[in-house]
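Structure, as structure tokens:
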Amino acid sequence: MEKKHGQAWLSEFAGTTILLFASVLVTRWLTGADWGPASEMPEAAGHAVDGVVIGAVVGLLIISPLGRRSGGHFNPAVSVPDVAPARSAKR
């Protein structure tokens, strides 16, 4: 494994971890409990705010150094097929 690929994959793993943590945290905080903002706002508003916050997290991750190293792929379903044709062509 080349050093460049290792850094990209590590960056993708870190970015995916951050994205999942932020998504679960925000969703739970806004829509899943009887405390905090969830008790004060309608369900549809909570979902809208949830989408905006998660979209902002994705946007910030893409322009961050992690996004630059990984190519902005924070989903292994995107990165694995991207590498697979290159490996099969070498055989």
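The values are calculated or read from the model by the stated rules, or taken from the named source; none is laboratory data. Predicted, not measured: the structure shown is a model, and the values here were computed from it. Virtual Cβ from ideal backbone geometry, glycine too; neighbours counted across all protein chains shown.
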Report yes if some residue within the range 10-22 is of a type in the set (D, E) and at pLDDT below 80; otherwise report no.
-> no
Residue, farthest from V26 (Cα to Cα), within the range 65-76, restricted to residues that are small (G, A, S) and crowded, with 16+ Cβ neighbours inside 10 Å = S70
Matching option when the condition is surrounded by fewer than 16 Cβ atoms within 10 Å (Cβ to Cβ), part of a helix (DSSP H, G or I) and at pLDDT below 85, among A44, A33 | A44
Residue match in the range 70-89 (condition: in contact with a helix residue (DSSP H, G or I) (Cβ under 9 Å, 6 or more places away or on another chain), of a type outside the set (S, T, Y) and modelled with pLDDT of 80 or more) = no
